[in-house]
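These notes are about the structure you will find just below.
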Amino acid sequence: MEFEEIFRLILLIGSVLIFIMSFVLWFHPKSLFPNRVLAALIIVWGYTVFIFAVQSKEFFVKFPHLFGIGTNFIFLFFPLIYIYIKTYIYKDERKISKMLIHFLPFLIFTISLSKFLFISAERKSSIISQGIPQWIQELFFYGDIGIISLGIFYTVLSFRVIHKFEYPNLHVLTKNQLNVIKWLKQFLVINALLWAIGTSGVFIETLEVDIPFDLFKIYYLGLTILTLWMSLFTLYKPDLLSSKERESDLNLKVLVGLKSFANTKNELLQSTKKDKSEVDKIDVTTIIDYIESSKPFLDSEMTLQNLADGSGMTKHRVSELLNAEIGLSFSDVINEYRVKEVIRLINEGSHKQHKLLHLAELAGFNSKATFNRIFKKKTGMTPSQYIQDITP
């Protein structure tokens, strides 16, 4: 068996494994949206690998409807990567309506090629056997330019999504979350390197430069390995990529979305400015101790004066410390504690015996509208979505 045949066989076996993995990811774990996006990405990757392995004039004459579909699917590569990363990190992005615009290049190319795609099989076979028309060749050329541009654009956009999430929250990210961020970056870097190889292949082919090896073979072999690695890693590390536990939920903004507010007194003190006096730190400690021990926020009528009286300071002093040392206003601090109280009640299962409005009132909220607005602002999801998210 010649090397060319062995290589094609490897890609064919790889594409079959990719298709199997895509179906596994679609259903494992159950109803996890980002994994379904990843499954869709793997399907289009697997199809293009398969087409590359079997492509020949004779093959397309026999199966004419497969001609051109692979190029169509390549327009989905980077948009799906971007959607996967963004929907994994941000739960409120998991809406089909927010994703449609990313499929516009795919739709435009499909419409441009529709004159060929939607004719009969016999007519397609005749066109392919006689030679691809000039207009189709030109369309594929401009399609390649568009695909290369999409690769650059969405790679930068994907890194920006990760950067925007990671750096403001480094001080509160858990070990599992940092592992996920690291994995996502590795995935993007490897994919970008492979894309650079494929792009180089396009330019070399266009310029008719003679080199001793086929860059497209390197690209598709690398894509096969990357796809299988991604699939196996996802299945082998479900705690990183699919866990609904609070610790590894990247979008639980109650843990990472607070500017410098922490869940414990010690973390809060670490967030104070180091050049401030020890008196300021002691006073901040006094305020936090009072809030956490007496829980005055449970009273819906609580005011800044109440907090000042309870901590033995003036209103001005309390307001100054909250803004300068913690970086939050009085109402923001109180609402943080109220949201945390509701989350505590939900995690204990109180929502099964009482309505959400009752839990909100217990936590100090005085209206349903205010409760829903603040809860979503602090956590990135509505109370009902949070309950659904933590429910096995």
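Some values worked out for this structure:
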read-out: When residues of the range 116-136 are limited to those that are of a type outside the set (Phe, Trp, Tyr) and under 14 Å from ASN72 (Cα atoms), the one modelled with the lowest pLDDT; value: LEU117
read-out: Residue ID - surrounded by the fewest Cβ atoms within 10 Å (Cβ to Cβ), chosen from residues in the range 354-391 that are within 16 Å of LYS340 (Cβ to Cβ) and among the small types (Gly, Ala, Ser); value: GLY380
read-out: Selection within the range 54-71 - of a type in the set (Phe, Trp, Tyr), farther than 17 Å from PRO133 by Cα and part of a helix (DSSP H, G or I); value: PHE59
read-out: Hits in the range 12-52 (condition: surrounded by fewer than 19 Cβ atoms within 10 Å (Cβ to Cβ) and among the hydrophobic types (A, V, I, L, M, F, W, C)); value: LEU12, ILE13, VAL16, LEU17, PHE19, ILE20, PHE23, VAL24, TRP26, PHE27, PHE33, ALA40
read-out: Total residues in the range 74-96, condition within 12 Å of the chain's Cα centre (by Cα) and closer than 20 Å to THR379 by Cα; value: 10
read-out: Residue within the range 171-190 that is over 16 Å from the mean Cα position of the chain (by Cα) and at pLDDT 90 or above present; value: yes
read-out: Verdict on PHE365 being under 18 Å from THR286 (Cα atoms) and over 29 Å from the mean Cα position of the chain (by Cα); value: no
read-out: Residue in the range 133-152 that is nearest to ILE83 (Cα to Cα), counting only those that are surrounded by fewer than 17 Cβ atoms within 10 Å (Cβ to Cβ) and of a type in the set (Val, Ile, Thr); value: ILE152
read-out: Residue list for the range 303-331, restricted to those being surrounded by fewer than 19 Cβ atoms within 10 Å (Cβ to Cβ) and in contact (Cβ under 8 Å) with a residue 60 or more places away in the chain; value: GLY327, LEU328
read-out: Qualifying residue in the range 180-203 (condition: in a helix (DSSP H, G or I), surrounded by fewer than 16 Cβ atoms within 10 Å (Cβ to Cβ) and in contact (Cβ under 8 Å) with a residue 40 or more places away in the chain); value: no
read-out: Failed criterion for ILE119 (all others in (1) crowded, with 21+ Cβ neighbours inside 10 Å; (2) among the hydrophobic types (A, V, I, L, M, F, W, C); (3) not in a helix (DSSP H, G or I) hold); value: (1)
read-out: Count of the range 79-102 residues which are touching a residue at least 12 places away in the same chain (Cβ under 8 Å), assigned to a helix (DSSP H, G or I) and either farther than 18 Å from ILE18 by Cβ or small (Gly, Ala, Ser) (or both); value: 12
read-out: Flag if PRO105 is surrounded by fewer than 20 Cβ atoms within 10 Å (Cβ to Cβ), assigned by TED's automatic domain parsing to the domain that holds MET21 and either part of a helix (DSSP H, G or I) or touching a helix residue (DSSP H, G or I) at 6+ places or on another chain (Cβ under 9 Å) (or both); value: yes
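The values are calculated or read from the model by the stated rules, or taken from the named source; none is laboratory data. The model shown is predicted, which means the values in this text are computed figures rather than measured ones. Reconstructed Cβ throughout: ideal geometry from the backbone, glycine too, with neighbour counts over all protein chains shown.
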